[in-house]
Amino acid sequence: MRYMLNPYCNAGALIVAGGLSSRMKDFKPLMKIGHKSVIETTINNFRLLGAGKIIVVTGFRSDDIDNELRGCNIKILKNENYGTTEMFDSVCIGLMELINAVDMTFVTPVDSPFVQQFTLKKMVEEMTYGKLDVVQPAYGGREGHPLLLSNDAAMHMLKHDGTMGMQGAISGMKKHMKINFADPGIVMDADNMTDYFKLLEYFENKNIPSVELCEKIQDYFNMTDNIKRHCGMVAHVALNLCVKLSQKGIDLNRDIVVAASMLHDIAKGNPMHAKTGAMWLRDMGYAEIAGIVEEHMELKTISCVPTEKEVVFLADKMVMGDKIVSIDERFSHKENLYNHDEEIIKKVAKRKEQALEIFGMIYS
């Protein structure tokens with residue numbers, strides 16, 4: 001094991017971009033998602049992780065990819081026989097380069113750009129501490145990309161005769177774990193134009209999880225039914241606060257409000273659950289939601305005009321369990337419980353004061 005400041009430097013990334021894109025009717029590595037190409041987006045995802053080495057294996061239109069990635073400081077290899085070989089052969093070309101450079105390798109097709117950092121980190125951690133050979137991610141029970149191989153698994157794959165491709169090579173490995181995540185990017189690719197349009201749609205909305213995805217995230221982090229009911233009621237109260245603000249000419253993003261309300265207690269039961277939950281959500285790509293979750297216990301500052309952050313904070317202070325209560329009632333329990341602890345009472349008093357201030361801003 002190579003010990004580095006960033007533990008994810010022990011992982012390499014192998015991006016396979018040697019296909020003909022025959023079903024797409026366009027060359028998918030160079031198709032645009034926002035201002036970047038598909039291949040740039042996929043590479044940047046592994047760069048953000050801090051992968052120790054990134055290899056791209058090309059084939060068809062290799063010169064075009066070389067030009068696209070000029071200055072990207074990654075190694076590009078070409079499968080000269082791309083027209084008569086399979087993806088498995090391109091994978092083996094990349095593995096031969098990586099097997100002595102890193103401890104494990106992510107293997108992904110070029111058109112899988114939106115796998116969450118949370119997923120990638122968790123896969124590395126599972127392989128490292130579980131001493132596994134293969135980690136395969138799934139979403140909704142459906143297996144997807146990327147595959148993570150130990151060096152032992154990579155060596156086994158290099159000896160495989162190619163029957164049934166990568167799945168054939170890994171099927172006999174005993175230290176093989178499939179892990180379900182709340183990450184739609186695992187099963188998204190661009191095999192055809194419909195898939196590509198779905199990628200574009202996901203890109204436009206990927207920073208705010210839908211209600212359905214919030215429910216999957218709740219389940220992934222083992223949120224109890226009691227906490228789910230609490231979060232649901234907080235979302236209900238928060239939406240009512242949004243209606244009140246709208247009547248005053250203040251329109252908030254209700255999708256953000258609902259998502260933050262549903263997820264504010266995902267780390268409940270963990271030490272410093274607000275910060276822990278925010279860290280998880282940032283790694284999942286939900287930075288704005290994470291910022292609200294991080295402050296749902298106590299606000300650092302209160303905006304002059306209420307924002308989504310203040311609304312979720314106040315809604316949480318108007319719900320006890322799954323019941324709507326007054327702010328006084330919400331805090332009286334803790335005031336009585338901790339009346340012997342001066343430091344905690346100060347915090348309780350500050351949070352109550354913040355809640356009353358925001359309540360006054362909305363209902364004055």
Point to revise | 0 to 90° range, to nearest 10: angle between helix 225-247 axis and the chain longest Cα axis | key: 70 degrees
Practice item. With just the Cα atoms of the stretch 211-363, tell me how far they stretch along each of the three principal axes, in Å, largest first. Key: 40, 39, 26
Practice item. Among the aspartates and glutamates, select those whose C-alpha is under 17 Å from the C-alpha of Lys268, and discard any that sit fewer than 8 residues away in the same chain. Key: Glu215, Asp219, Asp225, Glu294, Glu295, Glu298, Asp316, Asp322
**Study point:** Cα-based Lys pair tally, the stretch 29-150, threshold under 26 Å, eight or more apart or on separate chains
**Key:** 16
Point to revise | Tilt relative to the chain, helix 117-130 - C-alpha long axis, 0 to 90 degrees, to 10 | key: 70 degrees
Study note, to complete from the structure: Relative contact order as a percentage, the chain, C-alpha pairs under 8 Å and 6+ apart, gives 13 percent
Check your understanding: If you build a Gaussian network model of the chain, linking Cα atoms that sit under 10 Å apart, which residue out of Ile217, Ile74, Ile39 swings the most?
Key -> Ile74
Practice item. Tell me what the chain gives for mean residue ellipticity at 222 nm when only DSSP H runs of n ≥ 4 count, each as -39,500 (n - 2.57), the sum divided by the residue total, rounded to 500 deg cm²/dmol. Key: -15000 deg cm²/dmol
**Study point:** 25 °C / 0.890 mPa s Stokes-Einstein diffusion coefficient of the chain, Kirkwood radius on C-alpha pairs, µm²/s
**Key:** 108 µm²/s
Check your understanding: Between the helical axis of 38-49 and the dominant principal axis of the chain, each derived from Cα atoms, what acute angle in degrees is found, rounded to the nearest 10?
Key -> 60 degrees
Check your understanding: Given a cut-off of under 8 Å on Cα pairs at least six residues apart, what relative contact order in percent is computed for the stretch 1-138?
Key -> 34 percent
Practice item. Give the value in nm², to one decimal: projected area of the alpha carbon convex hull of the stretch 292-359, averaged over all directions. Key: 4.6 nm²
Check your understanding: Between Lys317, Lys174, Lys36, which gets the highest mean-square fluctuation from a Gaussian network model of the chain, Cα cutoff 10 Å?
Key -> Lys174
Review point. What fraction of the Cα pairs in the stretch 7-205, stated in percent, has a spacing above 32 angstrom?
Key: 8 percent
Check your understanding: Percent antiparallel among DSSP beta bridges with both residues in the chain, to the nearest 5?
Key -> 35 percent
**Study point:** Candidate lysines for bridging to Lys346, where Cα separation is under 18 Å - those fewer than 8 sequence places away on the same chain excluded
**Key:** Lys300, Lys317, Lys334
Check your understanding: Out of residues 5 or more away from Gly18 or on other chains, whose amide H comes under 5 Å of its own, with H placed 1.01 Å from N in the peptide plane?
Key -> none
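Just so you know, all these numbers are worked out from the coordinates, no wet-lab data involved. Note that this is a predicted model, so its numbers are computed, not measured.
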